[in-house]
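This report concerns only the one structure given below.
The values are calculated or read from the model by the stated rules, or taken from the named source; none is laboratory data. Just so we're clear, the structure is a prediction, and the values are computed from it rather than from any experiment. Cβ coordinates were reconstructed from backbone atoms using ideal geometry, including for glycine residues, and neighbour counts include every protein chain displayed. Calculation scope for accessible area: heavy atoms of the full protein, side chains included, ligands and nucleic acids excluded. Shrake-Rupley method; radii C 1.70, N 1.55, O 1.52, S 1.80 Å.
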Amino acid sequence: MSSGQRRRQASDGAEEAAVSARLPQVSPHRGLLTGASVESAGDDRRQHRRHRRRGVGANLSATKFDIIYLAVERLGFSVCPDEDFVTPYLIWSDLGVPPDRISELRPHQRINHFPGMSEISRKDLLSRNMAKLARVLPKEYNFTPRTWCLPGEYSSFLQYSRELRKVGKLRSFIYKPANGAMGHGIRIYKNGEQVPCNGVSGGGNGGFDTTGPAIVQEYIAKPLLIDGFKCDLRIYVLVTSCDPLRVYFYNDGLLRLSTEKYADPQKCESDTLYMHLTNYSVNKRSENYAKGDDDSTGSKRSIRFLNEYLQKRDYDVPLMWRNIIDLLVKTIIAVQPHLLQHYRMCRPASPPGSDSVCFEILGFDVLLDHKLKPWLVEVNRSPSFGAEQPIDRRVKLGVLDEALRLLNIRASDRARHANAQKVQSQRRLMRGRSNGAENQHQHQHLQQLQRERELVRRREELQAQLARLRREADRDEHEIRTCRRFRRIFPGDDRVSQERYVKLMLAVFGALTPGRGAGSGAGTLKELEEQYSCERPRQEELMDQLARCEEQLQQHQQPPSADASGKLQNGRQHQNHRRPWQRHHPPQSVQHRQSSLTLSADEVDDSADDDSFDDDDNDAVESGDRQTEAKLEAEGADDASGRLPSVSSTPTLTTSTSTTTPRRRHTVVAASGAGRSRSVQADRSGGIGTGDQQEAEQLCRRMLDQLNELCIRFPGKSAQQAEQVLAGLRQNWRQNKALVAGYWLAKLDADKRRKVIDIVRQNVRATLSRCWRSGADLDESRICRLFDRVFARLLSSNGQGLWATFGNSASWESALLRMREPPSLPELACCRRVVQLCQDCLLTVFLFSGQSAAPSADVGASPSHCQEIPAAS
Ligand code: ADP
C-alpha cells in the first residue's frame, strides 16, 4: 500500500502508539517492496524526480495522519516514495525507531524520534525513573502520583494499601497496562487489595486481561472540574536536540473533558470510565460526547478557554503555567541522561552542538487538581495528529508547522554537511601528517614538540568551541525569526532558573547514570557544567585566545617551511601578527574618515542566499553573464539624494548615483569540473593579483585602515553627533531592537533594504579600488571575493542577512570560516568592519526615517518611531 493510499484511509482518531501495529516495518535502504509498490514504481520514479527538483523531500510512509502530509507540503517539501529512506531530509514515523536506524541516517536527515525517549513514554519506565529521582530529589520530583510497577512491586503496593486502610484512609487506585494507550485496559479500584497482579487477582477481576506488565497508581481523587466534568491538558513539547538539550513549549494545546459528571470513586457507586478518564478515544464512544461549536464548548476545548475560565474564578493562572512549565522541563531533564547516552552511541561522530538528526514532538498529559497543582499523567512520544474537529486541526497543524520550521531544514543542508565532512577529513589528514613530522624530530626537540602538540590541541579545542558557539547563535537567531507559539524552555532566558535547572540536571545525571559509557562519569558532569554554564566565554574572548594560541604555535613551528598563508584553518599566522580587530575595530562606535566619498549603489543579484557561503562549490567563479553593477533606479536615486545617510565625515551630505564601470563579477555556479578548475586557477595565479602573498597582506592592512576611516554620517548631523545617536541606540538595544526589526523587516521592502546595503557596498568598492595598486585584476583578488561573499550574505533573504548579524555578530563569520580557504585574521577584521558599517547604515536609515517628516523622504517609510527611542533623541 502506498503512502497516498494509506493516507486516504483517514484516521479514525485512534491515538498514540496503537497505530504501530498496523504500520509496515520498513528498514532504511531496504523498504518493503510490496506488489503495489512494484506496480507503482513508475509513479514513484516520477515522484522521485519531482522530489529532486524541489529540493527537500520527506518520507511519510510510516504515518497515517493527514495533517502531517499537509504540514510538510505547506513547507514546500515533497513526499518521497515509501521505500526511499536515503534521499529524504525528513523521515516521519508514528512509531519509535530502533537505534540502528538512527545510526544509519546521514547528517542532514531528520527523524521525529530520539532513541531512549521510551524512558518517559512507557508508563512503567516513567514511574521507575520518577521514583528514583523522588528518592534523591524529593522536592523537585513530586509531580507524579505514587506508582508501583506490577508484578515486581505488587507486595509493597498491597502493604501500602493495607496500612492506609488500617488508619481509616480510603484511597482509590488506577491500574494501567505498562505499554497501553487510549485508555485500553484501565481500571479504577476503590480498594487496593482488589488490584490484580499480572493475572493473579485479589478478586473482582471480571475476566479482564491482566497479563503483561502493568502499573498501579494513586488516583487523583480531587481533580479540577470544568462545569462539573473532569479534565486534563494535552500540552505539546518539542525537543530539537539533546546534545546539548533544547526544549520548546507550545503555547496552545487542548483541554479534554470527560463526558459524565465527576464524583470521587469512594463516594459513588458508578465507576464508569466516562467519568474518570478524559481520553478522546474513550469518551468519543459516549453518547454525551459533544463536538463543540467553537473552542470554548464541547468535550474538547482550547487552552485559551481554560485560562479565561480560571481567571474568572480568581485562580492564579500565571503561577499555574509556571508550575506546568517547571514540570515539563524537569521531566525532560529526567530523560536527558538516557537521551544523551543513546544519541552518542548512535552518532559517535557527531560532536556536541552539531545538527541533531533526531527531534521529537511530545504530547504531555497533565492533570490539574482542585488546587491547580499539575500532575504528570503521561508522556506520549507519538501524540495523535488526528484532526477530527476544527480545534484539532488548528492546534495540531500549528504545532507541526512551527516545529518543522524551527528545525530549519534546507535544501543546502546536504551540501553543507558534505563539505563539513570533507573539511573534517582534511583536518584529520593534516593532523596525521604533522604527527608524522613530529615523530621524525622527536628525539631532537622532544619538549618543544610536546608543547607544540599541546598548542595544536588547544587550538582545535578553541576552534571547536568557537564553532559551537556560532552554531548556537545561528540557531538562536533562526529561533527568534521563527518562533510564534513555541517558546524555548530549556535552556531558558532567565539566568536564575537556568542555573537551577543545570544543577538539577547534574543531580539527575548523578542519580540516573545509566551504567558505563557516554553520559556517565565525572567527565560528563564537567562537560555538562561547561556546556550549559551561563558563564561561558564569549566569542570575542575565544577569538582572542585563539589568536594568542596561533601566535605561540607560530613560534614553535619552523618558519621557512611553514605555509605562510595565514589561514585560521591551518593555524599558521605570521610572526608579527597582532589582533587587528582589537587595534582597529572599536566595537560599537562610528569611525571618522579623512576624505569625502560619493554615494552610489549597485544592484545586487537577489539570488544570493545563505547557501552561497556554505557550499564549497561557490568557490567556483564565472564572469560575464550576470553583470550586476547598475545605477539606482531613477526614482530610488531621487529618493536617496539628500535623504540617505552617507559614508562620510564631512558636514555636508554627498549622495549621488554614480555609474561605475561594468566589471566582471563572481557569481555562484553549480558544481562543475570546469567551474571548479577555473576557480582553482584564479586562486593560484590571479587570485591575489600577482600571487605575491606579501602584497596581498599589505593590501589587506591598507584596506583595514581605510575601512576604519569610513563612517556612516547622519544627514544634517556632525560626525560626532551621528556617533552619539548611534551609540545611544545601541546602548538601549534591548528596548530598541523590536522597533528596528519592525522597520527593517516589515516596513522596508527588499529593494529598499538592498539600497541601504548598497550604500556601503559602493563605498567599500571605491575604497578597495583606491587601495589596489597592483596591475592585476581587482575582481579576482581574494579580498574582493571575500567582500562579495559578505555582501551576498548580508543581502541574503532580501536583506534579512544583515538583520541576522545583529542577533548574532558571528554567525556570518562562522560561515566564512567554513569556507574551503577561510580568511586570515586581517581579512576577517576587514569583513567585520564592512558588516559594522552596514549595521550602522541600517540604524542611521532607521533613525533618519523616523525623524524625517517629508513623505517622499526615503529609503523606507516615514514612521514616527524615533520619538519612542529615548536614547536616540
Ligand atoms: P492511556 O495512555 O491509556 O490514555 P493514561 O495514563 O493517559 O492512559 O490515562 C488515561 C486517563 O486516565 C487520563 O487521561 C486521566 O484522565 C486518567 N488518569 C490517569 N491517571 C490518573 C490518576 N493517577 N489519577 C486520576 N486520573 C488519572
inquiry  = Condition (residue is of a type in the set (A, V, I, L, M), outside any loop (DSSP other than H, G, I, E, B) and near the ligand (Cβ under 10 Å from one of its atoms)) applied to the range 230-249: is it met by at least one residue?
reply    = yes
ask   = Can we say residue 398 is small (Gly, Ala, Ser), assigned to a helix (DSSP H, G or I), more than 16 Å from the ligand (Cβ to nearest atom) and open to solvent by 10 Å² or more (accessible area, probe 1.4 Å)?
value = yes
query = residue 151 passes all but one of (1) touching a residue at least 12 places away in the same chain (Cβ under 8 Å); (2) within 15 Å of the ligand (Cβ to nearest atom); (3) closer than 19 Å to residue 218 by Cα; which number fails?
reply = (2)
request  = Determine, yes or no, whether residue 189 is at pLDDT below 95 and surrounded by 16 or more Cβ atoms within 10 Å (Cβ to Cβ).
outcome  = yes
remark   = Residues in the range 784-835 that are on the phi > 0 side of the Ramachandran plot, surrounded by fewer than 24 Cβ atoms within 10 Å (Cβ to Cβ) and small (Gly, Ala, Ser) total 1
key: Filter result (under 17 Å from residue 533 (Cα atoms) and open to solvent by less than 60 Å² (accessible area, probe 1.4 Å)) within the range 468-489   = 468, 469, 470, 472, 473, 476, 488, 489
message = Can you tell me how many residues within the range 164-181 are over 39 Å from the mean Cα position of the chain (by Cα), touching a residue at least 24 places away in the same chain (Cβ under 8 Å) and assigned to a loop (DSSP other than H, G, I, E, B)?
response = 3
ask   = Any chance the range 100-111 includes a residue that's open to solvent by 40 Å² or more (accessible area, probe 1.4 Å), at pLDDT below 90 and not in a loop (DSSP other than H, G, I, E, B)?
value = no
request  = Could you tell me whether residue 731 is touching a residue at least 40 places away in the same chain (Cβ under 8 Å) and open to solvent by 30 Å² or more (accessible area, probe 1.4 Å)?
outcome  = yes
query = Looking at the range 218-229, which of the residues that are of a type outside the set (D, E, K, R), within 13 Å of the ligand (Cβ to nearest atom) and part of a loop (DSSP other than H, G, I, E, B) is surrounded by the fewest Cβ atoms within 10 Å (Cβ to Cβ)?
reply = 221
request  = Go through the residues of the range 454-475 one by one and say whether even a single one is in a helix (DSSP H, G or I), at pLDDT 75 or above and more than 23 Å from residue 350 (Cβ to Cβ).
outcome  = yes
message = Here's a check for you: in the range 250-276, which residue that is open to solvent by 40 Å² or more (accessible area, probe 1.4 Å) and within 16 Å of residue 220 (Cβ to Cβ) is nearest to the ligand (Cβ to nearest atom)?
response = 273
ask   = Residues that are buried (at least 22 other Cβ atoms within 10 Å of the Cβ) and under 23 Å from the mean Cα position of the chain (by Cα): which helices (runs of 4 or more DSSP H) entirely in the range 277-392 hold 1 or more of them?
value = 317-346
query = What do you reckon, is residue 753 assigned by TED's automatic domain parsing to the domain that holds residue 798, open to solvent by less than 30 Å² (accessible area, probe 1.4 Å), touching a Ser or Thr at 6+ places or on another chain (Cβ under 8 Å) and among the basic types (Lys, Arg)?
reply = no
message = Go through the range 132-159 and report how many residues are within 18 Å of residue 192 (Cβ to Cβ) and open to solvent by 40 Å² or more (accessible area, probe 1.4 Å).
response = 7
request  = Collect the residues in the range 96-128 that are among the hydrophobic types (A, V, I, L, M, F, W, C), farther than 10 Å from residue 59 by Cβ and away from the ligand (no atom under 16 Å from the Cβ), keeping them in residue-number order.
outcome  = 97, 102, 105, 114
inquiry  = I'd like to verify a number: residues in the range 699-754 that are of a type outside the set (Gly, Ala, Ser), in contact with a helix residue (DSSP H, G or I) (Cβ under 9 Å, 6 or more places away or on another chain) and assigned to a helix (DSSP H, G or I), how many?
reply    = 30
message = If I filter the range 770-777 for residues that are open to solvent by less than 10 Å² (accessible area, probe 1.4 Å) and at pLDDT 80 or above, do I get at least one hit?
response = no
